[in-house]
Amino acid sequence: MTAEEFVLEFKELKNSLEHLYFSEKSSVSRIPEMIQSGMNQQQINLVQAILSDALTDSMYTILLGLAGEGAIGTQQVSYQLADENGKSLNGDIESVAWEQFHGE
């Protein structure tokens, strides 16, 4: 797997989580609770934007941490990422992650 493919999996996860939480047809939708609490659409949109930012920051931070370019929590160490067959992940995670999560 390339670094780009690896990062795209995280980006897909972020998009999927956001969609699931803010899709009225999803079994994990949080829209009913927000409406029940009295939130209007503008407020729901604000919560969605905040969640989107939080997921972006979380996913990006985890990717940088795995690449050894940042800390996950308080520890900054480099990891060797390999698939189940022992094939190492190749490529520059940091630049691909920046482009996918902040370059849009």
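The values are calculated or read from the model by the stated rules, or taken from the named source; none is laboratory data. Here the structure is a predicted model, which is why all the values come from computation and not from measurement. All Cβ positions, glycine included, derive from the backbone under ideal geometry; neighbour counts span all protein chains shown. Accessible surface is based on the protein model in full, side chains and every heavy atom, while ligands, DNA and RNA are left aside. Shrake-Rupley method; radii C 1.70, N 1.55, O 1.52, S 1.80 Å.
A few comments on the model shown:
- If you sort H102, H19 by accessible surface, 1.4 Å probe, largest first, the order is H19, H102.
- Counting only Cα atoms, the range 13-57 measures 28, 21, 11 Å along its principal axes, largest extent leading.
- Cut-off under 5 Å, modelled amide H: who pairs with I72 long-range: V77
- Within straight-line reach of K14, meaning a Cα separation under 18 Å, sit the following aspartates and glutamates at least 8 residues removed in sequence or on another chain: E4, E5, E24, D53, D57, E94, E99, E104.
- Maximal additional length on extending the E18-E84 stretch stands at 20.9 nm, based on 0.36 nm per residue less the C-alpha distance.
- Among the trypsin sites (Lys or Arg not before Pro) in the range 15-104, those located in a DSSP loop and surrounded by at most 10 other Cβ atoms within 10 Å of their own Cβ are K25, K87.
- In a simple Cβ point-charge model (Lys, Arg +1; Asp, Glu -1; nothing else charged), the range 1-46 has a dipole of about 220 debye relative to its Cα centre.
- Helix 3-21 axis versus longest C-alpha principal axis of the chain: approximately 10°, rounded to the nearest ten.
- In order along the range 31-38, the phi-based Karplus estimate (6.51 cos²θ - 1.76 cosθ + 1.60, θ = phi - 60°) of 3J(HN,Hα) comes to 4, x, 5, 5, 5, 4, 7, x Hz; Gly and Pro are listed as x.
- A convex hull fitted around the alpha carbon atoms of the chain yields 124 Å³ per residue.
- Per residue accessible area in Å² of the range 33-104, where ligands, DNA and RNA are left out and the probe is 1.4 Å: 69
- Averaging the sequence gap over all C-alpha pairs within less than 8 Å and six or more residues apart, then dividing by the number of residues, gives the chain a relative contact order of 33 percent.
- Carbon plus sulfur fraction of accessible area for the chain, probe 1.4 Å, in percent: 50
- Among E94, E69, the sequence by solvent-accessible area, most first, with a 1.4 Å probe is E69, E94.
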